[in-house]
Amino acid sequence: MERTHVPTVWDKVIRRAIARGLAAVGRERRLMVFDKLPACMMGVARREGTHMCRTRTLSLTPARRRSLIRVRDHAPTPYLRERSAALLKVADGWTLKDVAAIGLLAPRSTNTVAGWVTRYERDGLRSLRIRPGRGRKPAFSPLRADPGSGTGRTP
């Protein structure tokens, strides 16, 4: 009696990954995704060769590319490294959707990556930093406390 292969969930995942242009190697319950190139670079036509929206591009001079690579490799804060890596991938031809979904360590919104690209085109490398005034404001500041009241609360 011949044994037939029953497709598992992993087989479906691997098949979908390869269909999307992922270089994947699957073995039992292990799936390793090496890299995903944009469809336009792989020669794969999406939906009969038409794109549903305009593809966002970023053109970099060699000096700007070197500065982004330096920030990606040596910046002291992780968010700067992540943003510069995203910009380099967009400049290499990745779509914003691909960079947001699988191009970074954690998935991001496509609008977030688009905002990084827009700010970088407008303001350059300084736009990658978190702007002043962003984030949660302190609920209690010991510098503003009234020393005479003894309660530690602000008036």
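Which value in nm describes the separation of the simple spin-label points at residue 57 and residue 102, placed 7 Å from the Cα toward the beta carbon?
2.4
At 7 Å along the Cα-to-beta-carbon direction for both residue 69 and residue 109, put a label point, then send me their distance in nm to one decimal.
3.3
For a footprinting-style exposure proxy, rank 105, 125 by other Cβ within 10 Å, fewest first.
In order of increasing Cβ crowding within 10 Å: 105, 125.
At a threshold of 8 angstrom on Cα-Cα distance, excluding pairs fewer than six apart, so keeping six or more, what relative contact order does segment 62-128 reach in percent?
24
Please arrange 98, 92, 123 by how many other C-beta atoms lie within 10 Å of their C-beta, fewest to most.
123, 92, 98
The numbers here are math on the coordinates, done by the rules we state, and not lab data. Please read all numbers here as calculations on a predicted model, not as lab measurements. Note that each Cβ is placed from the backbone with ideal geometry, even for glycine, and that neighbours are counted across all protein chains shown.
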